[in-house]
Amino acid sequence: MSQPPSPADIKRFARYLRIGGPAAILGGVAIYGITHCLYTVQAGTRAVLFSRIGGLQNNVYSEGLHVRIPWLQWPIVFDIRTKPFNIKSPTGSKDLQTINIALRVLYRPSSDSIPYICRTLGVNYDEKVLPSITNEVLKSVVAKFNASQLITMRQDVSLLIGRELKERAKDFRMIIDDVSITELGFGKEYTGAVEAKQVAQQEAQRATFIVERAKQERQQKIVS
């Protein structure tokens, strides 16, 4: 059976509590401050601070360890690495043919403009901007070419789309690194007409070959 604590034990415990209590509290506060005052910005990202008092701050924080005020400030992180955006859209050519075209766009936000992007568009800026401006530019450019030109001048069309999309993206502080046409299809009527034309050309070439061969055979008979 355990003995109750003696008066000396009680005094000793009270003395330890007086000495160790504040130290333990200060240690806990220090640990909390270290873990909640510091935050890390990972490679390939940037951060801006939002304050309960002043709102979104204008400073952009790069990779590394940074300090914030707990409960008053918290970081909003943006990925600044180049990312792909794919879109497929039916549009009309200059000669009124239906073109099914797919694009692959490589984009990223302008690092210096992250506060503006965050304030006006939010973290999901790409989902709000890219579908609309890509469709807008795509339809505008494709409408300048006939269906046959889209085939023979595919690289030129891709460069023109990229150039106009880069200019349009500047309005939203976005950078377009590359644009490429990944798919180019046509309506059934146009495809059928192209196939019929190819068949007709092949038949014409075959007829020309037969006529030329007949001429050569006649000349050989005359010589012999």
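The values are calculated or read from the model by the stated rules, or taken from the named source; none is laboratory data. If you're wondering where the values come from, they're calculated on a predicted model, not measured in any experiment. Reconstructed Cβ throughout: ideal geometry from the backbone, glycine too, with neighbour counts over all protein chains shown. Remember, those area values only see protein heavy atoms, side chains included, never the ligands or the DNA or RNA. Shrake-Rupley method; radii C 1.70, N 1.55, O 1.52, S 1.80 Å.
Mind ordering 131-142, 46-57 by average Cβ neighbours within 10 Å, highest first?
Numbers: 131-142: 17.4, 46-57: 14.9.
Averaged packing, sorted descending, gives the order 131-142, 46-57.
Work out from phi, with θ = phi - 60° and the Karplus expression 6.51 cos²θ - 1.76 cosθ + 1.60, the ³J(HN,Hα) of each residue of region 162-167, listed in order in whole Hz, and give x for Gly and Pro.
Residue by residue, region 162-167 yields x, 5, 6, 5, 4, 5 Hz.
Report, in listed order, any pair from 144/170; 94/170; 88/170; 83/144; 88/166; 128/170 with a Cα-Cα distance greater than 20 Å. Intermediate values should be presented prior to the final figure.
On the way: 144/170 23 Å; 94/170 27 Å; 88/170 22 Å; 83/144 29 Å; 88/166 18 Å; 128/170 15 Å.
Distance filter (> 20 Å) returns 144/170; 94/170; 88/170; 83/144.
Under 5 Å between amide hydrogens, which residues at least 5 positions from residue 80 or on another chain qualify, with H placed 1.01 Å from N in the peptide plane?
Excluding prolines and chain starts, which carry no amide H, the hits are 45, 46.
Applying the Karplus parametrisation 6.51 cos²θ - 1.76 cosθ + 1.60 with θ = phi - 60° to the phi angles of region 66-81, what ³J(HN,Hα) value in whole Hz is obtained for each residue in order, glycine and proline being reported as x?
9, 10, 9, 9, x, 6, 9, 10, 8, x, 10, 9, 10, 7, 9, 6
Which percent of the accessible heavy-atom area of region 59-176 goes to carbon and sulfur, probe 1.4 angstrom? The partial results should precede the final answer.
On the way: 3300 of 6320 Å².
Answer for region 59-176 is 52 percent, counting heavy atoms of protein chains only.
So what are the ³J(HN,Hα) numbers for region 97-112, from phi and the Karplus equation (6.51, -1.76, 1.60; θ = phi - 60°), rounded to whole Hz, Gly and Pro as x?
Along region 97-112, the couplings run 8, 7, 10, 9, 10, 10, 10, 10, 10, 9, 9, 6, x, 6, 4, 5 Hz.
If N is the number of residues in region 95-134, what value comes out of its Cα radius of gyration divided by 2.2 N^0.38 Å? Mind dumping the intermediate values first?
On the way: Rg = 14.4 Å, N = 40, 2.2 N^0.38 = 8.9 Å.
Working it through for region 95-134, the quotient is 1.61.
Among 98-109, 78-89, how do they line up by average Cβ neighbours within 10 Å per residue, starting with the highest?
Values: 98-109: 18.7, 78-89: 13.7.
Per-residue mean Cβ counts within 10 Å order the peptides as 98-109, 78-89.
Pull up all non-local amide H partners of residue 123: gap of 5 or more, or a different chain, and H-to-H distance under 5 Å with H placed in the peptide plane.
Hits under the 5 Å cutoff: none.
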